[in-house]
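Asker: Quick one: the structure is below, questions incoming.
The values are calculated or read from the model by the stated rules, or taken from the named source; none is laboratory data. What you are looking at is a predicted structure, and each value in this text was computed from that prediction instead of being measured. Virtual Cβ from ideal backbone geometry, glycine too; neighbours counted across all protein chains shown.
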Amino acid sequence: MVFRRSVEMYIDACQQQGQAWEKGDYQSANECNKLKVMHLHKLKRSEKGIKALVSLMDHDDPYVKLSAAVHSLPYEETRALKNLQYLQGITGILGFHAETALKEWKKGNLKV
């Protein structure tokens, strides 16, 4: 039950953060990120949680895909990079964040 709740809360935080980015509300986006990271840490505690995180790269919401791809880089790098490469082609803030994540990962600056 707690596990499932963390997955749901992670998804919700990703979606809320994406909406805040699109509105230019970076204060709310940062608050959503705090929640997302809190639930990410819970998911990373178990293999089941990591599998759930990786599976979110197939989610319908592009902001969930983005966060899941970034957070899955240490576990399934090739698949995560393909997702980020696809997402960087989307115009707007989503593509910008995907492009930035790719650049920083390649430089070795992205710690997830």
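Asker: Is one or more of the residues making up the stretch 91-103 over 21 Å from W21 (Cα atoms), small (G, A, S), out of contact with any Ser or Thr (no Cβ under 8 Å at 6 or more places or on another chain) and buried (at least 16 other Cβ atoms within 10 Å of the Cβ)?
Answerer: no
Asker: Would the stretch 61-84 turn up any residue that is within 22 Å of K111 (Cβ to Cβ), of a type in the set (F, W, Y), part of a helix (DSSP H, G or I) and at pLDDT 95 or above?
Answerer: Yes, there is a match, as at least one residue in the stretch 61-84 is within 22 Å of K111 (Cβ to Cβ), of a type in the set (F, W, Y), part of a helix (DSSP H, G or I) and at pLDDT 95 or above.
Asker: Right, something else. If you go through the stretch 49-90, how many residues are over 13 Å from the mean Cα position of the chain (by Cα), of a type in the set (S, T, Y) and either surrounded by 19 or more Cβ atoms within 10 Å (Cβ to Cβ) or farther than 18 Å from G18 by Cα (or both)?
Answerer: Summing the residues that are over 13 Å from the mean Cα position of the chain (by Cα), of a type in the set (S, T, Y) and either surrounded by 19 or more Cβ atoms within 10 Å (Cβ to Cβ) or farther than 18 Å from G18 by Cα (or both) in the stretch 49-90 gives 2.
Asker: While we're looking at this one, here's another question. Identify all residues within the stretch 20-37 that are in contact (Cβ under 8 Å) with a residue 24 or more places away in the chain and surrounded by fewer than 17 Cβ atoms within 10 Å (Cβ to Cβ); write none if there are none. Spell out how you get there, then give the answer.
Answerer: Applying the first criterion (in contact (Cβ under 8 Å) with a residue 24 or more places away in the chain) to the stretch 20-37 yields 21-22, 35-36.
Residues satisfying the conditions are E22, L35.
Asker: With the requirement that a residue be in a helix (DSSP H, G or I) and polar (S, T, N, Q), what does the stretch 1-57 give you?
Answerer: S6, Q15, Q16, Q17, Q19, Q27, S28, N30, N33, S55
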